[in-house]
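Comments concern the structure below.
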Amino acid sequence: MEADALLANIPVSFYHVVVVFFLHSKTLILNPQSFKLCSHRDKVCRRLRLKELGAVRMQSSKAPASMEIETCEHKSQGTLPAKPNFEPLKAHEMSDGRVQFRKVSVPPHRYSPLKKAWMEIYTPIYEQMKIDVRMNLKARKVELKTRSDTPDISNLQKCADFVHAFMLGFDVIDAIALLRLDELYVESFEIKDVKTLRGEHLSRAIGRLSGKGGKTKFAIENATKTRIVIADTKIHILGSFQNIKVARDSLCSLILGSPAGKVYSKLRQVTARLAERF
C-alpha cells in the first residue's frame with residue numbers, strides 16, 4: 001500500500017523511470033487500481049517507450065553482422081557482353097541421343113522396280129541427307145535411321161516420304177524433289193471417293209483420266225506442274241498445295257463425266273490466273 005501511495009504522488013517525468021525499474025527488477029508490486037493516470041500522461045509514456053525501442057533498434061543495426069556479404073563491383077563500360085556462340089545441335093542430340101527409325105513397306109508389285117533403282121535411291125539418302133538406309137528382305141520393308149552426323153532431324157521424314165512416293169509409283173527423278181523442296185507432298189484418293197462407279201463405267205472413267213496414250217494425264221501434269229500416278233482405281237498426285245488442288249479438280253471433273261475439251265479450257269483459264277498471281 002505504501003508503494004502505491006508513493007507512485008500516485010510521483011510526477012509525470014519520473015513515472016516512466018520507476019515503471020522501467022520495476023519491470024527490469026521483475027517485481028510485481030504495481031496495482032493498476034491504485035493510481036489513475038490522465039490521457040496526457042499515457043501519451044507521454046507511449047512516446048518515451050517508442051523512443052527507447054527506436055534507440056535499441058538503432059544499436060542492434062549498428063552491431064557487426066554475423067555473416068559477411070561480399071559485393072562485387074560491376075564496371076559498366078557502356079557495351080553489352082558478347083553473345084554466347086553455341087554450336088547447333090545434331091540430330092542425335094535433339095532426341096537425347098536416341099536413334100530414330102522409319103520403316104516403309106514395299107508392295108509386291110514394286111519389289112522388282114526397287115531392286116533395279118536401288119542405287120539411285122540409296123545414293124542421295126546416304127550421301128546427301130546423311131541417313132542410313134537398308135532393305136529388310138525378311139519383313140520386306142525399307143528401314144531408315146539417323147546417324148551421329150545427320151545435319152537435320154527432318155531429313156529422316158523427307159527420306160521416308162521420298163521412298164514412299166517411289167512405292168506409290170512415281171519415278172525416282174520426280175520423287176527426289178521431295179528431298180530438295182519443303183512445300184511438296186503427295187495426296188492420294190480413289191475414284192469411288194468422287195463417284196461410285198462399277199464395271200464398264202469405271203473402265204471408261206479411268207480411260208478419260210489417262211486419255212489416248214496418256215495425253216490427258218500429261219496435259220494436266222504440264223499445266224499444273226504436278227506428277228500424277230493412276231494405279232487402278234487409286235490416284236496419287238505429287239506437287240505443291242495449290243497445284244494439287246487444281247489438278248484434283250480437273251481429275252474429278254473427268255471422273256464425273258466432263259469431256260476432255262471442256263476440262264482443257266477450264267484448266268487453261270485457271271493456270272493463266274495462277275500465272276498472273278505469281
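Counting only protein heavy atoms, what percent of the accessible surface of segment 92-182 is carbon or sulfur at a 1.4 Å probe?
52 percent
Could you work out the pair-distance distribution P(r) of segment 183-277 from its alpha-carbon pairs, with 10 angstrom bin width and percents rounded to whole numbers?
Pairs per bin, as whole percents: 16, 53, 27, 3, 0.
Just the number, please: carbon plus sulfur as a percent of the accessible area of segment 183-277, 1.4 Å probe, no ligands or DNA/RNA counted.
52 percent
Classify segment 84-192: rounded, prolate or oblate, from the alpha-carbon gyration tensor (a ≥ b ≥ c, eigenvalue square roots; a/c under 1.5 rounded; otherwise prolate if a/b is larger than b/c)?
prolate
7 Å from Cα along Cα→Cβ at both residue 132 and residue 94: what's the point-to-point distance in nm?
Those two pseudo-labels are separated by 1.9 nm.
So how do 245-251, 171-177 stack up, highest first, on mean other-Cβ count within 10 Å?
245-251, 171-177
Quick one: which residues, 5+ away or cross-chain, put their amide H under 5 Å from the amide H of residue 132? H built at 1.01 Å from N.
The list, which skips near neighbours in sequence, is 145, 147.
Provide the packing ranking of 257-268, 121-132, i.e. peptides ordered by the mean count of other C-beta atoms within 10 Å per residue, highest first.
Descending packing order for the listed peptides: 121-132, 257-268.
Please compute the modelled spin-label separation between residue 80 and residue 118, points set 7 Å along Cα→Cβ, answer in nm with one decimal.
5.5 nm
Using the beta-carbon distance between residue 180 and residue 276 and R0 = 22 Å, what value does 1/(1 + (r/R0)^6) give for FRET efficiency, to the nearest 0.05?
So, using R0 = 22 Å, E works out to roughly 0.25.
Expected output is a single nm value to one decimal: the length gained when fully extending between residue 140 and residue 152, i.e. 0.36 nm times separation in residues minus the C-alpha distance. What is it?
Here the answer is 1.6 nm.
Each label point is 7 Å from the Cα along the Cα-to-Cβ direction; what then is the distance between the points at residue 168 and residue 210, in nm?
Between residue 168 and residue 210, the simple spin-label model gives 2.0 nm.
The values are calculated or read from the model by the stated rules, or taken from the named source; none is laboratory data. Quick caveat, the model's predicted, so the values are computed rather than measured. Cβ: placed from backbone, ideal geometry, glycine included. Neighbour counts: every protein chain shown. Heads up: the accessible areas ignore ligands, DNA and RNA and are worked out on the full protein's heavy atoms, side chains in. Shrake-Rupley method; radii C 1.70, N 1.55, O 1.52, S 1.80 Å.
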